[in-house]
Structures are given as structure tokens and as C-alpha cells.
């Protein structure tokens, strides 16, 4: 299950660090992260949602993941969140209301918290460990295999696209909004897609020849220690406390 061709700026580039989050047993870490995100989604208070985001960010930074690494992941979702914020804030039309702005901020903050938790899960363990843990959690093997192969070959697809772009640049191609440029872009897209299709067929034949039946080898599961259980209990207790405070229930 080696991933190969994955560069240093990808999601598990810091998986080799040593921290409390890196040492956490993957199955419990995934379960605790999922419960935390579900609890955050249930929150209705903006300050408590901000507190949940702060806890998630604190976990990421305490694991030794750099701020620029988290910021790089945010850049992928900020355009969508910005559009969603504007749409939600204008839900009641103009002028903007405090309630509309608060609701838009709440939804976007929950989304950022979910992304932060995802970064904590994916960035603190090798991709192989993540998929092995998901397999041990009894997820259906077919979508798990498809997800792994999709992640794996997105990078090959990206590398081929970059190689094609460098080839065009070496031929003094200058992109523009004209018929010649559109034709070149169409040929480039078709070449890359056909190459990806041909590669996928070769990989399928090679995997079938090796007896692959659609299930990724997971290997033995890691032993669950007391420290792993304690981390899970603290994580769940933190989000339960936020939900209780949000509902105004007596503690």
C-alpha cells in the first residue's frame, strides 16, 4: 500500500513526527475525531463553536504540525466557504442582519473545525495506517479501495498534467482566450485522460495477475493502550461539555 509519487507538501508530509497525536491508536483517533465533529455540528452558539475550533487548532499545533501546513489546507476550502458565507448572510436580503451574519459565521466556523479535525487525522499518521484503521473499523472494502486508489492516482494525474504543460511551454506556447489556445487545451485534456485510462487498465491487469480481489491488505491492528483510551475520553468529554453548555443543561 505504498503511495509513491507523493510530494512533501501533501497531507501526510508530517506523519513521521512524534507527538501525542501521532502516537494515538488510529482507530480510536478516527472514532474520537468523528464524534468531535458530530458534536460541533450540533452546536448553535457562535462562541462555543469558536471554542471548538480553538481546541481543534490547538490539537493540530500541539502535534507539531506547522501553521502554514494547516493554512495550506484552508486555502482549498476558503473559496467555497466565502461563497457560502455570502449566500447565507444574504438569505434574508438586504440590508444584512446580525442574525444572518451570525448564522453564516457559525456554519463556516463549523466547516473550518471539521477541516481542522480532518487535517489532524490525516496529517498525523501515514496514509497506509489510516486506510488500515478504516479497514479494521469494518468499512466496506470496495469504497475503501476506490478511495485509496483515487488518492493514489490523483498525484500521478497531476504529474502527467504538469509534464504536458511543460511540454507546451517548451514549444513557446502562450495561453490565451483564442481558438488556437482552446484547441491546445482540448488536445492536452484528451491526451492526459486517455493516458490515465490506459494506465488504469495496465494497473488493473497487473493487480489481477497478482490475485487482487478488491480488498486492500490491512495487516494486524495496533494494540489499544490505556493512554489511547484516555485521549479518546478527553476528546469526547470536551465536545460533550460544549454541547451541554450550548443546550444550557445543568452540569
Residue check, residue 158 against (1) over 30 Å from residue 34 (Cβ atoms); (2) part of a helix (DSSP H, G or I), all met but one. Which one?
(1)
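Matching residues to (1) loosely packed, with under 13 Cβ neighbours inside 10 Å; (2) in a loop (DSSP other than H, G, I, E, B); (3) modelled with pLDDT of 90 or more:
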{"residue": "2", "(1), (2), (3)": "yes, yes, no"}
{"residue": "18", "(1), (2), (3)": "yes, yes, no"}
{"residue": "27", "(1), (2), (3)": "no, no, no"}
{"residue": "52", "(1), (2), (3)": "no, no, yes"}
{"residue": "68", "(1), (2), (3)": "yes, no, no"}
{"residue": "72", "(1), (2), (3)": "no, no, no"}
{"residue": "75", "(1), (2), (3)": "yes, no, no"}
{"residue": "85", "(1), (2), (3)": "no, no, no"}
Which one of the conditions (1) surrounded by 14 or more Cβ atoms within 10 Å (Cβ to Cβ); (2) in a helix (DSSP H, G or I); (3) touching a residue at least 24 places away in the same chain (Cβ under 8 Å) does residue 125 fail to meet, given that it meets all the rest?
(2)
Looking at the range 29-50, which of its residues are buried (at least 19 other Cβ atoms within 10 Å of the Cβ) and part of a loop (DSSP other than H, G, I, E, B)?
43
Being surrounded by 10 or more Cβ atoms within 10 Å (Cβ to Cβ), under 35 Å from the mean Cα position of the chain (by Cα) and not in a loop (DSSP other than H, G, I, E, B) is the filter here; which residues of the range 167-180 pass it?
167, 168, 169
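The values are calculated or read from the model by the stated rules, or taken from the named source; none is laboratory data. Bear in mind the structure is a predicted one, so any value in this text is a computation, not a measurement. Positions of Cβ are backbone-derived with ideal geometry, glycine not excepted, and every protein chain shown enters the neighbour counts.
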